[in-house]
Structures are given as structure tokens and as C-alpha cells.
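J.: Here it is, the structure, as C-alpha cells.
Just so it is clear, none of the values below were taken in a lab; they were calculated from the coordinates. Fair warning: this is a prediction, and the values are worked out from it, not measured in the lab. A quick note on method: Cβ atoms are made from the backbone with ideal geometry, for glycine too, and the neighbour counts reach across all protein chains shown.
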Amino acid sequence: MVTELGDPLDTVRLLQLSWEDRLRLALGIAQILHHLAHSPLGSLSMNDFRRQQFVLVGGTLKLSDVDDLGVGEPACETDADCVTGNGLLPVSDENNNVSDTNTTEGLACIDSRCIGHNEQLNIWHAGQHFIRLFLPLSAPASLEPHIQELLDAYAHPAAGGWDSARILGATQRLVARFVSGDYMVRPSTPGRNTNGYDRMIDSDLPGLYDYRCPLSISAVGCVMSVFNEEEAAEICNNDEDCHAVVLGQEHTWTGRTLAVFKNGYSTPSLKKGYSLLVKRKLKHTR
């Protein structure tokens, strides 16, 4: 028997995660939904879909409570028995409020079973309990249209013809756009965003000039992941407290570099493989 230890997943923990880590959760949810829809036992339904059913293991979402899984699709006699709103699938309006209103978007009754019910029910619950709560929060602005597409898919899977495979594909494409840096507003001249900085190689400011910032993933300093030095400089430019940035050799699950933002500058320490960006005006006034 193999046992994994995971951290409980609650609302506070969700909201404290960086957007990048919440994107990883969204990918994990899509993978779990796809697995439930294509298990060796057939399509499974999560009859008690709550955040308490999951844990985080090394940043990866795992389903830890499986005693409420249902095997087999609901019974039916005609397609009308599978219509959304007939007590099988909930209906949500544009504000994600649950409604009892009937809709013509239904499922097919095949061999006396409502085929696709479990999959759509899992998708809807995942949207209500996870995706709509954390995926839009602090997301890069250029990715918002792709995020809205996923929000609509989770809220109205039947209306849009969404299944778990299509949702997984859309989530993977969202991850790919983030990993590739396509979400960034690229400068017309390469390197323009670092023109106001001096770059010092093999340099660090360990334990110095640390400060708290709103989107930090660290409790003791301002630490965020960046695609490259240009993005680090852009973030620093938008923060009046930031005067320097240290980029090391630590990377996140997407391969992005962890950057430590500093509110001051002094003679740096030697550290191989690290680079230090210092606002030129600050450096030259010392």
C-alpha cells in the first residue's frame, strides 16, 4: 500500500496561492474530471463534490475521499427524462445562481441510461466549488478571454457542448500560453523594459531590503515568478517601493524563474548563477 500525505484544501488556502499555483489546480481539476469520465468502471459521479474531498500533494491536486463516488448513469425511459432541470442536472444563470428553470439542453437516453449525466454534473460542481472562485482572481489581463471561456464551459457544459476532454484541452492551452510568455505585452524594442536598470551577474542581496508586496508567494519578502528579466523589470517599475530585483536559479512548476524584489540596494554578495537588476538612478546616487 502506498500512502501520500497532503495538505487540506480550504478557501483561505486557495486564495493565498499565487495565480500560477491556482492555474496548476485548474489543470489538476480538468485531469481529474477526465479520469472520472473515462474510468475502468465507466463514467463516475462525485455525489459529494466539496473542497474538503481534496488535498494538495507537492502542489498537485489529489482526490482523497472516494466513498461518495457513484457508478453508472441515471436510469431513463426517454430523452425527456434526461433534460436539464428535471432533477438530474442543475441549471445556472449568467451569474452562476442555481435555477430550477427547464431548458431544452438535454442528454440522450441510450440503453435506458442518461449518457453524459455524470460527466456534466462533475463539470458543473467543479466550476461552482473551484474554478469560478479562484481562476479569475489576479490573472494576467491578456488571458481573461481564455479564462472566461472556461468559466462559461463549467457553468453551462450542456449548452456549449463541453465535455471533460474539451475542458482539459482548453486548460492545457491556457497553461501553454502562460508558460510561453504569450500573455505579456511585448515592447516594440527588445530589452526596452530593462533600459532603466543596471544588470550585475553573479550577484545577490541575501537577507537585505526585503519587504512585503500584495502578490508575494513568500511570507517574509516580495517573491514572484517571472517569465524573464523584462517582466521582472516591468513589475518593479510598477511598484514604487521596488528598487532592485534578484533572479536566481529557483523555478516554479512551469519553469518560470523566482524573482526577489528589493526596496533598497548596497554592495551585493557574490553568488554564482544569480543576476541583480538595479534601478540605474538609485545605483548612481549612492
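J.: Which entry in (i) 36, 19, 19; (ii) 46, 19, 15; (iii) 36, 23, 17 is this structure's computed semi-axes √(5λ) of the Cα gyration tensor in Å?
T.: (ii)
J.: Run the simple label-point estimate for residue 79 and residue 173 please: 7 Å along Cα→C-beta, distance reported in nm.
T.: 2.8
J.: In whole Hz, what ³J(HN,Hα) sequence does the range 52-60 give by Karplus (6.51, -1.76, 1.60; θ = phi - 60°), x for Gly and Pro?
T.: Karplus-based 3J(HN,Hα) across the range 52-60 equals 5, 7, 10, 9, 9, 10, x, x, 9 Hz.
J.: Excluding residues fewer than 8 places away in the same chain, name every one of the lysines whose C-alpha is closer than 28 Å to that of residue 279.
T.: In chain and number order, the partners are 262, 271.
J.: Same structure again: Check each of the GluC sites (Glu not before Pro) in the range 137-240 and keep only those in coil by DSSP with at most 13 other C-beta atoms within 10 angstrom; list them in order.
T.: Those that pass, being in a loop and sparsely packed, are 240.
J.: With the contact rule set at Cα under 8 Å and sequence spacing of 6 or more, what percent relative contact order holds for the chain?
T.: Here the relative contact order equals 15 percent.
J.: Tell me, in nm to one decimal, what length is gained between residue 237 and residue 212 on full extension, where the rule is 0.36 nm per residue of separation less the Cα-Cα distance?
T.: Gain on stretching residue 237 to residue 212: 7.4 nm.
J.: To the nearest 0.05, what FRET efficiency results for residue 39 and residue 182 with a Förster distance of 35 Å applied to their C-beta separation?
T.: 0.55
J.: Can you list the DSSP H helices in the chain whose Cα atoms extend at least 15 Å along the helix axis and whose mean Kyte-Doolittle hydropathy is 0.0 or higher?
T.: Membrane-span-like by this rule: 19-37, 164-180.
J.: At what distance in nm do the modelled label points of residue 68 and residue 228 sit from each other, each positioned 7 Å from its Cα along Cα→Cβ?
T.: In this crude spin-label approximation the distance works out to 4.7 nm.
J.: Ok, one more. Obtain the nm distance between the two label points defined at residue 152 and residue 137 by a simple spin-label model: each point lies 7 Å from its Cα along the Cα-to-C-beta direction.
T.: With each label placed 7 Å out from Cα toward Cβ, I get 2.5 nm.
J.: For residue 62, go through the aspartates and glutamates and keep the ones whose alpha-carbon is under 12 Å away, minus same-chain ones fewer than eight residues off.
T.: Output for residue 62: 4, 7.
J.: With unit charges on the beta carbons (Lys and Arg positive, Asp and Glu negative) and the dipole taken about the Cα centre of the chain, which residue among 161, 268, 35 sits farthest to the positive side?
T.: The listed residue farthest towards the positive side: 268.
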